Amino acid sequence: MKYVRGEEGRHAQIGNFIGESITPSQFLAFEMGIDLKHHHVKNTNRTAPKSENVYQLLLVKLYRFLARRTDANFNKVVLKRLFMSRINRPPVSISRLVKSAKEGKTLVVVGKVTDDSRLLEVPKLSVATLTISKTAKARILKAGGEVLTLDQLALRAPTGSNTVLVRGAKNSREAVKHFGMGPHKNKKPYVRSKGRKFERARGKRASRGFKV
């Protein structure tokens, strides 16, 4: 086989291998190939947030850099969550943070932190979050804790060391309770009002035909 330097040489080598001369475009197809099974399947994963919030876009820029230049999986996870819709970034209450708290660790929430009036005492917490309600922030600071932004966290822990990533309950929305409605599904029906006259007859009482 005759070896020639550069692209022409590569074309010639493959041509000799298959027993004929090939053009550069044929060479490209030969080298790369086409995935026939997933040829027209679109990748629907987000590569940027839908939000046009300038501060969020700056955070994306920062964590895109950190995800690329560090080996820490933490930065890749934070970046992916910054891309997510608000439904996929449910709010986290202070009480959930208290349950997840560990000594010497910073709690990281890529979303909103909200107050919980059922929690009577708030311990000292270190929280890094995208946004936080006024009352939640006031209670954390009053207890001697600290509230960081995600860019401040990047300066303190560029690889996510001594952090705990926390997420809220995604399926606690009211809308989710109605999904999959049907007989024997135990899902919440869409009812105009919760009263004597509304959905109390057939199918709801054994004395009225049947009960689901």
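The values are calculated or read from the model by the stated rules, or taken from the named source; none is laboratory data. Every value quoted in this text rests on a predicted model; they were computed, and no experiment measured them. Cβ coordinates were reconstructed from backbone atoms using ideal geometry, including for glycine residues, and neighbour counts include every protein chain displayed. What goes into the accessible areas is simple: the full protein's heavy atoms, side chains included, and nothing from ligands, DNA or RNA. Shrake-Rupley method; radii C 1.70, N 1.55, O 1.52, S 1.80 Å.
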Flag if residue 78 is part of a strand (DSSP E or B) and out of contact with any Lys or Arg (no Cβ under 8 Å at 6 or more places or on another chain): no
Residue match in region 47-63 (condition: at pLDDT 95 or above and within 14 Å of residue 160 (Cα to Cα)): yes
Scope region 74-90; condition in contact (Cβ under 8 Å) with a residue 24 or more places away in the chain and in contact with a helix residue (DSSP H, G or I) (Cβ under 8 Å, 6 or more places away or on another chain); matching residues: 75, 78, 82, 83, 87, 88, 89, 90
Subset of region 119-138 [in a loop (DSSP other than H, G, I, E, B) and either out of contact with any Gly (no Cβ under 9 Å at 6 or more places or on another chain) or at positive phi (or both)]: 119, 120, 121, 133
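Yes or no: region 112-121 includes at least one residue that is closer than 25 Å to residue 171 by Cα, at pLDDT 95 or above, open to solvent by less than 30 Å² (accessible area, probe 1.4 Å) and in contact with a strand residue (DSSP E or B) (Cβ under 6 Å, 6 or more places away or on another chain).
yes
What do you reckon, is residue 74 buried (at least 18 other Cβ atoms within 10 Å of the Cβ) and either of a type in the set (S, T, N, Q) or within 19 Å of residue 153 (Cα to Cα) (or both)?
When the stated conditions are applied, residue 74 passes them.
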Scope region 167-203; condition surrounded by 11 or more Cβ atoms within 10 Å (Cβ to Cβ), touching a residue at least 60 places away in the same chain (Cβ under 8 Å) and not basic (Lys, Arg); matching residues: 168, 169
Residue match in region 16-25 (condition: modelled with pLDDT under 95, open to solvent by less than 100 Å² (accessible area, probe 1.4 Å), farther than 30 Å from residue 159 by Cβ and among the aliphatic types (A, V, I, L, M)): yes
Region 95-109: number of residues that are open to solvent by 40 Å² or more (accessible area, probe 1.4 Å) and within 19 Å of the chain's Cα centre (by Cα): 1
Any hit, region 28-51, residues being in a loop (DSSP other than H, G, I, E, B), within 24 Å of residue 152 (Cβ to Cβ) and either free of Cβ contacts under 8 Å to residues at least 24 places away in the same chain or in contact with a Lys or Arg (Cβ under 8 Å, 6 or more places away or on another chain) (or both): yes
Hits in region 141-166 - residues which are within 27 Å of residue 57 (Cα to Cα), touching a strand residue (DSSP E or B) at 6+ places or on another chain (Cβ under 7 Å) and either surrounded by 17 or more Cβ atoms within 10 Å (Cβ to Cβ) or of a type in the set (Gly, Ala, Ser) (or both): 147, 148, 150, 153, 157, 163, 166
Among residues of region 128-144, those that are closer than 12 Å to residue 94 by Cα and touching a residue at least 40 places away in the same chain (Cβ under 8 Å), counted: 3
